[in-house]
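Visitor: Can you read through this structure? Questions will come right after.
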Amino acid sequence: MKNIAGLLACLSSLLLAACSSMPVGNPHVPEPAKTVQLDRYTGLWYEIARYQNSFEKGCEAVTAQYDALEDGRIGIMNTCHKQSVNGVISTATGKAKVVAGSNNAKLKVSFFGPFYVGDYWILDHADDYSWSIVGEPSGRYLWILTRNAHPGDMLVDELYTRARRMGYEIKILRMVLQR
């Protein structure tokens with residue numbers, strides 16, 4: 001039992017060290033702007049841009065599929081193609097739980113069972129749920145998602161502008177190649 005506790009402490013330290021080495025793109029992350037209707041948010045999303053992070057290194061053609069589960073949580077399947085849009089497919093599955101009192105805009109997400117839970121904040125979204133800007137409280141992560149793999153330059157520019165207005169450094173956004 002002592003060895004397991006030591007291993008968990010070591011893993012926690014490594015995760016914290018990995019997170020702290022990433023740049024803070026927004027030191028003052030805003031609260032989510034709108035209520036989220038989960039039945040409209042679920043479905044397939046294409047990752048258009050992101051702050052680079054260790055768990056998506058080398059990922060292109062990234063998608064996220066969100067599905068309502070019978071227990072009230074949301075099932076997640078993230079898919080990426082390693083190194084190119086035609087690269088080897090890698091998937092990660094997880095579950096999310098809505099944070100009470102957040103108007104469904106804040107979720108606790110886990111891909112590794114109960115040992116690590118991350119924040120997922122839907123900071124802004126289109127009224128028709130055609131795009132979404134997602135972050136978390138540290139300001140180290142940001143994702144721009146759309147329902148269309150190729151949303152067009154005008155929409156991408158608008159979403160970058162929205163992110164900038166929320167205080168995000170858009171120069172560190174990495175465009176994601178899509179199929």
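Visitor: Considering the range 63-73 alone, what residues qualify as being under 14 Å from the mean Cα position of the chain (by Cα), closer than 15 Å to residue 120 by Cβ and either outside any strand (DSSP E or B) or not aromatic (Phe, Trp, Tyr) (or both)?
Guide: Initially, the range 63-73 is screened for residues under 14 Å from the mean Cα position of the chain (by Cα), giving 63-66.
Restricting the remaining residues to those that are closer than 15 Å to residue 120 by Cβ gives 64-66.
Residues satisfying the conditions are 64, 65.
Visitor: Give the residues of the range 141-162 that are of a type in the set (A, V, I, L, M), in contact (Cβ under 8 Å) with a residue 24 or more places away in the chain and farther than 19 Å from residue 65 by Cβ, sorted by residue number. Let's see the steps before the verdict.
Guide: Within the range 141-162, the subset of a type in the set (A, V, I, L, M) is 142, 144-145, 149, 154-156, 159.
Narrowing the set further to residues that are in contact (Cβ under 8 Å) with a residue 24 or more places away in the chain leaves 142, 144-145, 149, 155-156, 159.
Result: 142, 155, 156, 159.
Visitor: I want to confirm something. Restricting to the range 51-71 and keeping residues that are small (Gly, Ala, Ser) and touching a strand residue (DSSP E or B) at 6+ places or on another chain (Cβ under 8 Å), which single residue is farthest from residue 164 (Cα to Cα)? Steps first, answer last, please.
Guide: Taking the range 51-71 first, the residues small (Gly, Ala, Ser) are 54, 58, 61, 64, 68.
Remaining after also requiring touching a strand residue (DSSP E or B) at 6+ places or on another chain (Cβ under 8 Å): 58, 61, 64, 68.
Values: 58: 25, 61: 24, 64: 23, 68: 31 Å.
Only one residue tops the list, namely 68.
Visitor: Now for a different question. Restricting the search to the range 138-179, which residues are in a strand (DSSP E or B), out of contact with any Gly (no Cβ under 9 Å at 6 or more places or on another chain) and under 24 Å from residue 127 (Cβ atoms)? Break it down stepwise before answering.
Guide: Kept after step one, since they are in a strand (DSSP E or B), are these residues of the range 138-179: 142-146, 173-175.
Adding the requirement that they be out of contact with any Gly (no Cβ under 9 Å at 6 or more places or on another chain) leaves 144-146, 174-175.
Result: 144, 145, 146.
Visitor: Something else now. If I ask for residues that are at pLDDT below 50 and under 15 Å from the mean Cα position of the chain (by Cα), which ones from the range 1-48 would you list?
Guide: First pass over the range 1-48, keeping only residues at pLDDT below 50: 1-19.
Residue satisfying the conditions is 19 alone.
Visitor: Anything in the range 87-120 that is touching a residue at least 40 places away in the same chain (Cβ under 8 Å) and either closer than 20 Å to residue 45 by Cα or in a strand (DSSP E or B) (or both)? List them, or say none.
Guide: Initial filter on the range 87-120 (touching a residue at least 40 places away in the same chain (Cβ under 8 Å)): 98, 102-106, 115-116.
Of everything in the range 87-120, those that are touching a residue at least 40 places away in the same chain (Cβ under 8 Å) and either closer than 20 Å to residue 45 by Cα or in a strand (DSSP E or B) (or both) turn out to be 98, 104, 105, 106.
Visitor: Next question, about the same structure. List the residue pairs whose Cβ atoms are under 7 Å apart, where the first residue sits in the range 34-53 and is within 25 Å of residue 24 (Cα to Cα) and in contact (Cβ under 8 Å) with a residue 12 or more places away in the chain, the second is among the acidic types (Asp, Glu) and buried (at least 19 other Cβ atoms within 10 Å of the Cβ), and the two are 6 or more positions apart or on different chains.
Guide: 34/124; 50/56
Visitor: Filter the range 74-85 down to the residues that are among the β-branched types (Val, Ile, Thr) and in a strand (DSSP E or B), then identify the one that is farthest from residue 143 (Cα to Cα). Show your work before the answer.
Guide: We begin by selecting, within the range 74-85, every residue among the β-branched types (Val, Ile, Thr); these are 74, 76, 79, 85.
So of that shortlist, the ones also in a strand (DSSP E or B) come out as 74, 76, 79.
Working: 74: 18, 76: 15, 79: 14 Å.
Among those that are among the β-branched types (Val, Ile, Thr) and in a strand (DSSP E or B), it is 74.
Visitor: State whether the residues of the range 133-140 include one that is out of contact with any strand residue (DSSP E or B) (no Cβ under 6 Å at 6 or more places or on another chain) and free of Cβ contacts under 8 Å to residues at least 40 places away in the same chain. Quick ask: steps written out before the conclusion?
Guide: The first filter runs over the range 133-140 and keeps only residues out of contact with any strand residue (DSSP E or B) (no Cβ under 6 Å at 6 or more places or on another chain), leaving 138-140.
Within this subset, residues satisfying the condition of being free of Cβ contacts under 8 Å to residues at least 40 places away in the same chain are none.
Taking every residue of the range 133-140 in turn, none turns out to be out of contact with any strand residue (DSSP E or B) (no Cβ under 6 Å at 6 or more places or on another chain) and free of Cβ contacts under 8 Å to residues at least 40 places away in the same chain.
Visitor: Still on this structure, I have one more. Within the set of pairs 6+ apart or on separate chains, which have a first residue in the range 63-82 that is over 9 Å from residue 96 (Cβ atoms) and modelled with pLDDT of 95 or more, a second that is of a type in the set (Ser, Thr, Tyr) and not in a strand (DSSP E or B), and C-beta atoms under 9 Å apart?
Guide: The qualifying pairs are 65/42; 67/42; 68/42.
The values are calculated or read from the model by the stated rules, or taken from the named source; none is laboratory data. Keep in mind that what you see is a predicted model, and the values were worked out from it rather than measured. Note that each Cβ is placed from the backbone with ideal geometry, even for glycine, and that neighbours are counted across all protein chains shown.
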